[in-house]
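Notes follow the structure.
We did not get these values from a lab; they are worked out from the coordinates using the rules stated. All values reported here derive from a predicted model rather than from experimental measurement.
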Ligand SMILES: [Zn+2]
Ligand SMILES: [Zn+2]
């Protein structure tokens, strides 16, 4: 989704587009710590207008995310809907051979004749991801003793502590003891 900068006017313009899941998943895989991936394309509704050299964007994006639950290791899917708002300014002129590092500037500056919206909105979706992949708040996780999924079955081991946070601590202790 590329916008010609000279076609952006003071009047608000609306547009809808979608970003293929593969495009963002590539980024999620190479990126830092996210366990999430997109199960469906990112659907984007955006409005934009110009004020001088600044271009204002606001809208929302939505998709379905998929991840492995950090506690019980089941696959979880979860709708993600994120409103966003950002402003791009024309990149300051640089002299000589010095080059702009577009990665650093991607969220606040544009250069050239076009703005590619897909990576910018994709970044907004990534920022909206939960920090931790858990299938549900009360997920009981796996038994530290036998590995049974405690959401689905009871196991012969001693009853796990009621608080899942304690269960996590207990499993850490088992691991460090062995
Ligand atoms: Zn779970
Ligand atoms: Zn068990």
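A few points about this structure:
- Calculated on the Cα set of segment 2-127, radius of gyration then Dmax: 16.5, 55 Å.
- Each Cα pair under 8 Å and six or more residues apart adds its sequence gap; the mean of these over the residue count of segment 2-127 is a relative contact order of 25 percent.
- Segment 5-56: Rg to Rh, with Rh as the Kirkwood radius over Cα pairs: 1.15
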